[in-house]
Amino acid sequence: MNLTRRPRRLRRTESIRALVRETKLSPDDFVYPLFVCEGQGIRREISSMPGVFNLSIDELVRETEAARRDGIRSVILFGVPDEKDAEGSKAYAEDGITQQAIRAVKREVKDVLVIADNCLCEYTDHGHCGVIENGEVLNDPSVDLLARTAVSQAEAGADIIAPSNMMDGFVQAIRAALDASGFEQIPIMSYAVKYASGFYGPFREAAQSAPQFGDRRGYQMDPANAREALREAALDVEQGADMLMVKPALPYLDVIRAVRERFDLPVSAYQVSGEYAMIKAAGRLGWIDEERVALESLISIKRAGADIILTYFARELARKLW
Ligand code: PBG
């Protein structure tokens, strides 16, 4: 054989592989999702998400400090309130669990970026992401409540607002409300492209937010659609989104790539609860090498075009990156 092109030359040792590696992960890329519940001294593991907990505020502060020490700079907070009602009023209460949590983390932990997930489903007794009338999730009244929620989160000290309920016009309304309250410096990370996904199953256990009737297909996107993702993202860009998100991540790498190519805003991708649970479960059974598969998933998400990755693996893998 007389080959002149031998790609294996660049794969022979780890040093040379590191030299020619095209994509790298850094803890700076990660956002660590955390679930905060009421009470004290609570660290309750989610059965379908080993290593992920419902944390009371004191434990949340400890977990955030530990993550910070491991190199993670950003967290996204989800509130799990004891009391829920039809309008999700604890989502926008000044003393709501998320507002208290944001205040505590910003007060106690140095140099941490706090992103507030902005939705109603964890706070409504019916589990939908908006207000219901005759079995329908109403758009505009739900958006008004999201805007109120955003202002209360910013008042509590949130650094970024991340609206996730997929109502039409939420970015515009939240931008206007934030600006009117003097928060024109607070960016919006929009869950612009969020699919109605079976991969959210374990999250609904963690946040106790499963819909009590019907499903979310009337507002979240159809998994079959990619062009529609670009229309959704374009609307959010027009309305003033500062960052875009695609969610879930691994089953939608093509969508991440398409959004990356079309828009020049930072793109984030959410490796959701079901993606995490599958890797953990197969790892526990000894069917896959959990750490290796987790890293491979994360690198694919980045290679597809995501700048930022929301992942439950953030803290665990922060010190083990390629
Ligand atoms: C809605 C929200 C959901 C997730 C993040 N924000 C769930 C849903 O739409 O049911 C899912 C995250 C995950 O599965 O890890 N507030």
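Over all other residues within a Cβ to Cβ distance under 14 Å of Pro163, the charged ones net out to -3, with Lys and Arg as +1 and Asp and Glu as -1. Here the chain is treated as a Stokes sphere of Kirkwood radius computed over C-alpha pairs; at 10 °C and 1.306 mPa s its diffusion coefficient rounds to 79 µm²/s. In the chain, Cα pairs under 8 Å separated by at least six residues give a relative contact order of 18 percent.
Taking the Cα atoms only, what angle lies between the long axis of helix 97-108 and the longest principal axis of the chain, rounded to 10 degrees? Roughly 60 degrees between the two axes. Pairs of lysine residues in segment 24-321 that meet both criteria, 8 or more places apart or on different chains and Cα atoms under 17 Å apart, total 6. Fully extending the segment from Arg204 to Glu136, taken as 0.36 nm per residue of separation minus the present Cα-Cα distance, adds 22.5 nm. Summarising the label geometry, the points placed 7 Å from Cα in the beta-carbon direction at Asp222 and Asp82 lie 4.4 nm from one another. Put in line by how crowded their Cβ is, counting other Cβ atoms within 10 Å and starting with the fewest, Phe35, Phe30 read Phe35, Phe30. Around the Cα centre of segment 85-203, unit charges on the Cβ atoms of Lys, Arg, Asp and Glu (plus for the first two, minus for the last two) sum to a dipole of about 440 debye.
Charge dipole (Cα centre; +1 on Lys/Arg Cβ, -1 on Asp/Glu Cβ; no other charges) of segment 24-321 amounts to roughly 1100 debye. Shape index of segment 155-208: Rg/Rh, with Rg the Cα radius of gyration and Rh the Kirkwood radius from the inverse mean 1/r over Cα pairs, equals 1.06. Charged neighbours of Phe78, selected by a Cβ distance under 12 Å, balance to -1 (K, R count +1; D, E count -1). Taking each residue as 0.36 nm, the span from Asp168 to Asp111 lengthens on full extension beyond its C-alpha to C-alpha distance by 17.2 nm. Just the Cα atoms of segment 73-208, one point each, no solvent: what log10 I(q)/I(0) does Debye give at q = 0.08, 0.19, 0.21 Å⁻¹? For segment 73-208, the Cα-only Debye profile gives -0.19, -1.11, -1.35.
Of the residues Phe213, Gln239, Pro251, the one whose Cα sits farthest towards the positive end of the charge dipole of segment 213-263 is Pro251 (charges of +1 on Lys and Arg Cβ, -1 on Asp and Glu Cβ, taken about the Cα centre). Projecting the Cα atoms of Val131, Ala86, Ala282 onto the charge dipole of segment 24-321, computed from C-beta unit charges around the Cα centre, puts Ala282 farthest toward the positive end.
Relative to its Kirkwood radius, the Cα radius of gyration of segment 217-322 gives an Rg/Rh of 1.01.
Readers should treat all values here as calculations from the given coordinates under stated rules, not as data from a laboratory. This is a predicted model, so every value here is computed, not measured. Ideal geometry is used to build each Cβ from the backbone, glycine not excepted, and the neighbour counts take in all protein chains shown.
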